[in-house]
1. Assuming VAL125 fulfils every condition listed in (1) at pLDDT 95 or above; (2) in contact with an Asp or Glu (Cβ under 9 Å, 6 or more places away or on another chain); (3) loosely packed, with under 14 Cβ neighbours inside 10 Å; (4) not small (Gly, Ala, Ser) apart from one, which condition is it?
2. With the structure loaded, tell me whether ALA135 is modelled with pLDDT under 95 and surrounded by 15 or more Cβ atoms within 10 Å (Cβ to Cβ) or whether it fails that test.
3. Just need a number here: residues in the range 52-99 that are modelled with pLDDT under 60 and not in a loop (DSSP other than H, G, I, E, B).
4. Just need a number here: residues in the range 138-163 that are crowded, with 18+ Cβ neighbours inside 10 Å and in contact with a helix residue (DSSP H, G or I) (Cβ under 8 Å, 6 or more places away or on another chain).
5. Take GLN93 and decide whether it is under 18 Å from THR161 (Cβ atoms), surrounded by fewer than 16 Cβ atoms within 10 Å (Cβ to Cβ) and in contact with a helix residue (DSSP H, G or I) (Cβ under 8 Å, 6 or more places away or on another chain).
Amino acid sequence: MNIKINKKSLIIFGTLLIVAFASWFTYNILWHSTKANLTTVQQQSRQQNNQKKADVANGKSGGGDSNTAGQGTYTPPTSSNNITLIPEEKGEQVVVTTRLQGFSDGTCNLTITNGGKTVAQTAQVIYQPQFSTCAGFSTPVSSLGTGTWNLSLSVTSDGITNSKTSTLEVK
C-alpha cells in the first residue's frame, strides 16, 4: 500500500512539474514573440517615416500643406479635420481606428474616460501613401466599464499637435 501512495505522489508531482514547465515555456515564447513583433512594427514604421521624409525632401510627395508640395519640406497638418477617429465596440474590446491625412510621422496619444476612470495609450504614426494611421489602439471594456466613453486623440508631428474627440456608448 505504501508503494502505491508513492507512485501516486510521484505521478502527481510529475504532472504538476510538466504543467508548470509548459506554462512557463508558453508564456516566454508568447511574450518574446509579441515583443519581437512590436519591435518589427516599430522598425517598419520608422523606415516608412524616413522614406516619406526623403520623398518630401526630394519633391516626390507633398506634406500636410499643399502650398509646400514639391518644395522639399514637410509641414504637418494644422487642422483637426485631417484626423478621423473611429471607435468600435468589438466583443469585450473597444478598437479605435484612425485615419491621418497629410501626416508622415509623429506620435498618437489616446485618452479614454468613463466616469472617474481613465485609460491612456500611446502609439506611433505609421505612414501609408493614401493616409497614415496610428499603430493601433484596443481597450478592454472591463477597464472602463459600460457607459459613455469619451475619447480624445492628439497627434503630434514635428512639434505641431492636432486633436480630435469622439464618444462611444459601450454596452
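The values are calculated or read from the model by the stated rules, or taken from the named source; none is laboratory data. Everything numeric here is computed off the predicted structure, so don't read it as measured data. Reconstructed Cβ throughout: ideal geometry from the backbone, glycine too, with neighbour counts over all protein chains shown.
1. Tallying (1) at pLDDT 95 or above; (2) in contact with an Asp or Glu (Cβ under 9 Å, 6 or more places away or on another chain); (3) loosely packed, with under 14 Cβ neighbours inside 10 Å; (4) not small (Gly, Ala, Ser), VAL125 fails exactly one: (3).
2. So ALA135 fits the description; yes.
3. Matching residues across the range 52-99 total 5.
4. 1
5. So GLN93 does not fit the description; no.
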